[in-house]
Amino acid sequence: MAIIVKPLVTEKMTNITDKQPNRYGFIVRPEADKLQIKKEVESLYNVNVVDVNTILYNGKRSSRYTRAGLVQGKKNAFKKAIVTLKEGQTIDFYSNI
């Protein structure tokens with residue numbers, strides 16, 4: 001079972017990577033712990049992981065007014081992991097496109 005759902009490539013995460021070139025973000029399964037995330041990143045990308053920070057986000061309710069009336073929904077809850085690699089190592093997300 002895959003722990004990593006997808007790499008996080010957003011404007012905010014890109015700014016963090018520009019300031020600290022050895023930090024990368026991933027969306028992971030909510031039940032994953034830091035050791036599982038570390039092992040999976042090391043095996044998938046052949047790098048050495050120094051540190052893993054995790055953040056749990058709750059799903060938020062959203063509503064908007066449309067021509068058909070009020071439309072209500074909910075955004076999904078997710079877990080984000082920020083992985084710090086050993087100095088000098090990088091991950092290229094765009095190499096296999």
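Scanning the range 7-40 for residues that are more than 17 Å from Thr90 (Cβ to Cβ) and not in a helix (DSSP H, G or I), we see that the one that is most open to solvent (accessible area, probe 1.4 Å) is Glu31.
Cβ-Cβ distances below 7 Å connect the following pairs, each with a first residue in the range 78-93 that is over 10 Å from Asn48 (Cβ atoms), a second residue that is among the aromatic types (Phe, Trp, Tyr) and surrounded by 12 or more Cβ atoms within 10 Å (Cβ to Cβ), and a separation of six or more residues or different chains: Phe78/Tyr57; Lys80/Tyr57; Ala81/Phe26; Val83/Tyr24; Val83/Phe26; Ile91/Tyr24; Ile91/Tyr45. Among the residues of the range 56-73, those identified as open to solvent by 60 Å² or more (accessible area, probe 1.4 Å) and within 20 Å of the chain's Cα centre (by Cα) are Leu56, Tyr57, Asn58, Lys60.
If only residues of the range 41-55 that are loosely packed, with under 11 Cβ neighbours inside 10 Å and at negative phi are counted, the one that is modelled with the lowest pLDDT is Ser43.
Condition test on Asn76, is it open to solvent by 100 Å² or more (accessible area, probe 1.4 Å) and either within 15 Å of the chain's Cα centre (by Cα) or of a type in the set (A, V, I, L, M) (or both)? So Asn76 passes the test.
The values are calculated or read from the model by the stated rules, or taken from the named source; none is laboratory data. Because the structure is predicted, anything quoted here is derived from the model rather than measured. Cβ atoms come from the backbone with ideal geometry, glycine included; neighbour counts cover every protein chain shown. To get the accessible areas, we keep the full protein, side chains included, count just its heavy atoms, and leave off ligands, DNA and RNA. Shrake-Rupley method; radii C 1.70, N 1.55, O 1.52, S 1.80 Å.
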